[in-house]
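Worksheet: the structure to be examined is printed underneath.
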Amino acid sequence: MSELRSDLAIISNWIAPGSRVLDLGCGDGTLLDYLKRERDVDGYGLEIDPDNIVACIKRGVSVIQSDLDAGLSDYFDDASFDYVVMSQTLQAMYYPSRLLSEMLRVGREGIVTFPNFGHWRARAQLALAGHMPLSRALPNQWYDTPNIHLCTLKDFEALCTRLDIEILQRSVVDTAHRSNFAISLLPNLLGELALYRFRRN
Amino acid sequence: MPESIPVDSVGLVTPQTHHFDQPLTLDCGRVLAQYDLIYETYGELNAAADNAILICHALSGDHHAAGYHSMDERKPGWWDSAIGPGKPIDTNRFFVVSLNNLGGCKGSTGPNTINPDTGKLWGPDFPIVTVRDWVESQARLANILGITQWAAVIGGSLGGMQVLQWAIDYPERLRHAVVIAAAPNLTAQNIAFNEVVRQALRSDPGFHEGRYAEHGVVPAHGLKIARMLGHITYLSDDAMRKKFGRELREGKISFGFDVEFQVESYLRYQGESFVDRFDANTYLLMTKALDYFDPAAAHGGDLSAALAHVQARFLVVSFTSDWRFAPERSREIVKALLDGDKPVSYAEVEAHHGHDAFLIPIPHYFDVFHSYMALIAQEVSP
């Protein structure tokens, strides 16, 4: 298979072989397909887009067409997964905090990734140019974007504290999904994409 | 009538009938000492006999699912859109079996066939059959055809209920279960509609307690009303509005009780054409099979427990505007399968056609269906 998108590669490195994974907003099923082949992982994807449903089925990924904003209680009992993953989807949810709690209701650990709104280029565009940020990580105009709940690393970590969520691992990368020394010094300023692994405290 | 057979059609087909001598004990306790099942097949069974697909029909369906019986036939089988070369159920890859269920009126043993014990038509004396009885009879047909395991059992509506029952009763005999526009049981509202259907049939002066054939009549009025009611519930409010609106047949109202609105004309036509092609006693039996279906009942209402031992992989499909077998009901099936960590995919197709959508080649629906079937095709021997 083709090389895995590198943020997905980071996620898959965090997932123990043989575990059960639920992928929220699983897209075309790339991650689950990879985890199934390479990590002997068993899991399901949740997805709302009809074309992605078809793509998942073509890959043999078990996918449930459903709206994440409606929550997970329709389908999943408490503690039914080892990991619940949500890749670049949190910022498009109506109720991100409710969904984070739901993730840790049905899963032992949660993994989320999101574009960092605190990146210096986003800050500069707002502060200096005076318009909503546009970048490779945030390509949509403000009036036509699925991203209704953007946040910074700081915001996300504050929410975790409020929800009594313990962050186990964090990775902050640039748009090429690489990390470097500078990013590790000033992640909220220099990181474009944030990845977190966490559990209930 | 087809001018010529379309290239993606299974072509001309001839039904076959198998006579079964082994008695079948039914859920109701009665025994059918012998019976016939009429069926059609499309495509070729491969040497490994692992490419067989069973089609389960819905309330008014039958064995004629695809192709044409003759060049004079006006329309192909009821699921011709899905079965044929290159179609979702690709007859270049699969061997497809479609039968008329017991109690039907299209050639399998049912109320309009002769009871060998009396030499007379069964009529209302035909026992009430259940979805489980059907599955049992279908399993016997599979034995006759040399099929120990279906690549998939597929059905919509009441057909989907048979698929569920198959997965429960014979977990090792099917690899895939495709359940379309179905439900784990009927809601009170659905049973209520069925009761109105039964009352319409049984209160027709021509019904004669089900012995209408002996009187040389048909309860045409009852059949017509039953079908009209059915049709209203198979469509959505939206679909009817789009199809008919308030359009008048003559362009103006005439202050009378003849057909005025197009929708009335449509319903009357549907009702009348049903009279010629369906049997009232069969209709009654089918509504009962629907009402009684409830595999969770044996497990204290726990559907997850009922599905705990299924081995098939599932594809479940529902349609947003289907209010007789609403998406919520399909989600119950999905949830129960997830409870048991069963492999399942679920598509909730945006469609305005109501319950009838399962017979319509809606692009997203058929993309999902086709993709899933293509995966199954990859698993079967060449």
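How much net charge surrounds B:Val10 when only other residues with a Cβ under 11 Å from its Cβ are counted (Lys, Arg +1; Asp, Glu -1)?
Details: positive: B:Lys87; negative: B:Asp8, B:Glu40, B:Asp80, B:Asp90.
Once all neighbours under 11 Å are counted, the net charge is -3.
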In a Gaussian network model over chain B where Cα atoms closer than 10 Å are linked, find which of B:Ala289, B:Ala182, B:Ala47 has the largest mean-square fluctuation.
B:Ala47
Could you check how many percent of all C-alpha pairs in segment B:148-189 are farther apart than 11 Å?
58 percent
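Going from most exposed to least, what order do B:Ile360, B:Ile114 have by accessible area with a 1.4 Å probe? Mind dumping the intermediate values first?
On the way: B:Ile360 55, B:Ile114 95 Å².
If we order B:Ile360, B:Ile114 from most to least accessible, we get B:Ile114, B:Ile360.
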Please compute the modelled spin-label separation between A:Arg136 and B:Thr25, points set 7 Å along Cα→Cβ, answer in nm with one decimal.
7.1 nm
Which value in nm describes the separation of the simple spin-label points at A:Ser6 and B:Arg249, placed 7 Å from the Cα toward the beta carbon?
7.1 nm
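Using the Cα atoms of chain A to build a convex hull, what is its mean projected area in square nanometres?
Working: hull surface 45.1 nm².
For the Cα atoms of chain A, the hull's average projected area reads 11.3 nm².
Taking Rh as the Kirkwood radius, which is the inverse of the mean 1/r over Cα pairs, what is the Rg/Rh value for segment B:229-290?
Numbers: Rg = 14.5 Å, Rh = 13.5 Å.
Taking Rh as the inverse mean 1/r over Cα pairs, Rg/Rh reads 1.07.
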Charge dipole magnitude, Cβ of K and R +1, D and E -1 - segment B:151-245, Cα centre, debye nearest 20
300 debye
Apply the Kirkwood formula to segment B:98-221: the hydrodynamic radius equals the inverse of the mean of 1/r over all pairs of different alpha-carbon atoms; give it in Å with one decimal.
16.5 Å
For segment B:290-382, size of Cβ-based charge dipole, Lys and Arg +1, Asp and Glu -1, in debye
140 debye
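Measuring with a 1.4 Å probe in the full set of protein chains, what accessible area per residue, in whole Å², belongs to chain B?
Details: 15590 Å² over 382 residues.
Accessible surface, normalised per residue, equals 41 Å².
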Simple spin-label estimate for A:Asp69 and B:Gln189 in nanometres, 7 Å along Cα-Cβ
2.4 nm
Which three extents, in angstrom, do the Cα atoms of segment A:1-86 have along their principal axes, listed largest first?
32, 30, 20
List of segment B:348-382 residues, accessible area with partners at least 10 Å² below that of the chain alone (1.4 Å probe):
B:Glu348, B:His364, B:Asp367, B:Val368, B:Ser371, B:Tyr372, B:Leu375
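Are any of the pairs B:Lys288/B:Lys342; B:Lys87/B:Lys243; B:Lys224/B:Lys252; A:Lys36/B:Lys342; A:Lys58/B:Lys87; B:Lys288/B:Lys335 more than 20 Å apart by Cα-Cα distance, and if so, which? Walk me through the numbers before you get to the answer.
Values: B:Lys288/B:Lys342 30 Å; B:Lys87/B:Lys243 27 Å; B:Lys224/B:Lys252 26 Å; A:Lys36/B:Lys342 15 Å; A:Lys58/B:Lys87 16 Å; B:Lys288/B:Lys335 26 Å.
Distance filter (> 20 Å) returns B:Lys288/B:Lys342; B:Lys87/B:Lys243; B:Lys224/B:Lys252; B:Lys288/B:Lys335.
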Calculate the dipole size of segment B:196-304 relative to its Cα centre from +1 charges on Lys and Arg beta carbons and -1 charges on Asp and Glu beta carbons; express the result in debye to the nearest 20.
240 debye
Can you give the mean number of other chain Cβ atoms that lie within 10 Å of the Cβ atoms in peptide A:37-45?
1
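Considering every residue in B:339-345, what mean count of other chain Cβ atoms within 10 Å of its Cβ is obtained? Let's see the in-between values first.
Working: counts 4, 0, 4, 1, 5, 4, 11.
The mean count of partner-chain Cβ atoms within 10 Å per residue comes to 4.
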Phi-derived 3J(HN,Hα) across segment A:46-62 with the Karplus relation (6.51, -1.76, 1.60, θ = phi - 60°), rounded Hz, x for Gly and Pro, is 10, 7, 9, 7, x, 5, 5, 4, 4, 4, 5, 4, 4, 7, x, 8, 6
Selected from A:Tyr143, A:Tyr83, A:Tyr34 as most flexible by GNM, with chain A as the system and alpha-carbon contacts under 10 Å:
A:Tyr143
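So what's the convex hull volume per residue for the Cα atoms of segment B:164-242, in Å³? Spell out each step's value before the answer.
Details: hull volume 13.0 nm³, N = 79.
Per residue, the Cα convex hull of segment B:164-242 comes to 164 Å³.
Could you order peptides A:126-134, B:236-244, B:152-160 by the average number of other Cβ atoms within 10 Å of their residues, highest first?
Values: A:126-134: 11.8, B:236-244: 15.3, B:152-160: 28.2.
So the order, starting with the most tightly packed, is B:152-160, B:236-244, A:126-134.
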Just how much of B:His299 is accessible, in Å², when a 1.4 Å probe is used and the result is rounded to the nearest 10?
80 Å²
Total accessible area lost when B and A pair, probe 1.4 Å, Å² to nearest 100:
1700 Å²
Largest first and to the nearest Å, give the Cα extent of segment B:1-49 along each principal axis.
48, 34, 17
GNM top mover of A:Ile64, A:Ile111, A:Ile148 - chain A, alpha-carbon springs below 10 Å:
A:Ile148
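For the protein assembly as shown, give the percent of accessible area contributed by carbon and sulfur heavy atoms, probe 1.4 Å, rounded to a whole number.
On the way: 12860 of 25080 Å².
Carbon-and-sulfur percentage of accessible area, whole number: 51.
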Take the Cβ-Cβ distance between A:Ile148 and B:Phe261 as r, set R0 to 41 Å, and report the resulting FRET efficiency rounded to the nearest 0.05.
0.35
5 angstrom amide H check on A:Asp23, placed H, neighbours 5+ away
A:Tyr44, A:Gly45, A:Leu46, A:Val85
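Looking at the P(r) of segment B:234-337, how many percent of alpha-carbon pairs lie beyond 16 Å? Present the calculation step by step, with values, prior to reporting the outcome.
Numbers: 3986 of 5356 pairs.
Looking at segment B:234-337, the distances longer than 16 Å represent 74 percent of pairs.
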Calculated FRET efficiency for the pair A:Ala182/A:Asp155, C-beta based, R₀ 30 Å, to 0.05:
0.90
Nearest-10 value in Å² for the accessible area of B:Lys120, using the 1.4 Å probe:
120 Å²
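Determine the gain in length on full extension of the stretch B:Thr148-B:Thr14; use 0.36 nm per residue of separation and subtract their C-alpha separation, reporting nm with one decimal. Working shown, then result.
Numbers: separation 134, 0.36 × 134 = 48.24 nm, distance 2.39 nm.
Using 0.36 nm per residue and subtracting the Cα-Cα distance, I get 45.9 nm.
Rounded to two decimals, what is Rg over Rh for segment A:64-170 when you use alpha-carbon atoms and the Kirkwood radius?
Values: Rg = 15.2 Å, Rh = 15.1 Å.
Rg/Rh: 1.01.
For an R0 of 30 angstrom, estimate the FRET efficiency from the Cβ-Cβ distance between A:Ala124 and A:Asp49 and round to the nearest 0.05. Each step should come with its number before you reach the end.
Values: r = 33 Å, r/R0 = 1.09.
Approximately 0.40, to the nearest 0.05.
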Descending Cα extents along the principal axes, segment A:37-98, whole Å:
32, 28, 22
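The values are calculated or read from the model by the stated rules, or taken from the named source; none is laboratory data. Model, not experiment: these values are computed from the prediction. Ideal geometry is used to build each Cβ from the backbone, glycine not excepted, and the neighbour counts take in all protein chains shown. Areas reflect the complete protein model, heavy atoms only, side chains present, ligands, DNA and RNA absent. Shrake-Rupley method; radii C 1.70, N 1.55, O 1.52, S 1.80 Å.
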